[in-house]
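See below for the structure under consideration.
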Amino acid sequence: MPGGTADTNVWNVGARFGWILTRPHGPGFLKGRFEYVVDAVPAFVVFQRAYTGYGGGFDPLGLKWDFAARGRIEPYMELNGGTLFTNRDVPAGTNSVNFTSAAAFGVHLLGDKYAWSVEARYMHISNAGLATPNPGVNTVQVRIGVGRFWHK
């Protein structure tokens, strides 16, 4: 695959903390709120042709736009970035320390105290030149989450 590594899959589990930073604003269907999010990813598995890498990561930079809710459905889009540390090189023959960047579009299904979320996410994993070569891993993920609101 040009610019990336083929036959690679990922699986991860994590926790997210978010803080709404603005009141709803914006025109028409773009109306929404800006949110800052941080992800802790203690379980990250990279399935590669040569071997499987196990690790964890931290995404301290998460910028999210929560569109105004339409009933109990609230669409969102986000950009985020962070680090990934694994026990083996990812991709094989490169480095065990990598950086992640991602873009996602999803929806929250709102309840009174809890919300489910479903999203499509594009994630790029790369060592940013810490090692040569630096082919990177590009994935498209479907993520499912459940969240709890502490303040409304």
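Where a number appears in this text, it was derived from the coordinates with a stated rule and is not lab data. Note that the coordinates shown come from a computational prediction; the quantities given were computed from them, not determined experimentally. As a convention, Cβ positions derive from the backbone with ideal geometry for all residues, glycine included, and neighbour counts pool all protein chains shown.
Annotations
- A single member of ARG33, ARG70, ARG49, ARG16 is of a type in the set (D, E, K, R), loosely packed, with under 15 Cβ neighbours inside 10 Å and touching a residue at least 12 places away in the same chain (Cβ under 8 Å), and it is ARG49.
- Of the residues making up the range 106-127, just one is in contact with a Phe, Trp or Tyr (Cβ under 9 Å, 6 or more places away or on another chain), within 21 Å of PHE44 (Cα to Cα) and surrounded by fewer than 13 Cβ atoms within 10 Å (Cβ to Cβ), namely ALA120.
- The range 18-51, subset assigned to a loop (DSSP other than H, G, I, E, B) and more than 30 Å from ALA6 (Cβ to Cβ), residue farthest from the chain's Cα centre (by Cα): PRO27
- Scanning the range 131-149 for residues that are exposed (fewer than 10 other Cβ atoms within 10 Å of the Cβ) and among the charged types (D, E, K, R) yields one hit, ARG148.
- Checking PHE105, PHE85 one by one, the residue that is over 22 Å from ARG33 (Cα atoms) and among the aromatic types (Phe, Trp, Tyr) is PHE85 and no other.
- Count - residues of the range 96-120 that are under 24 Å from TYR51 (Cα atoms) and out of contact with any Gly (no Cβ under 8 Å at 6 or more places or on another chain): 2
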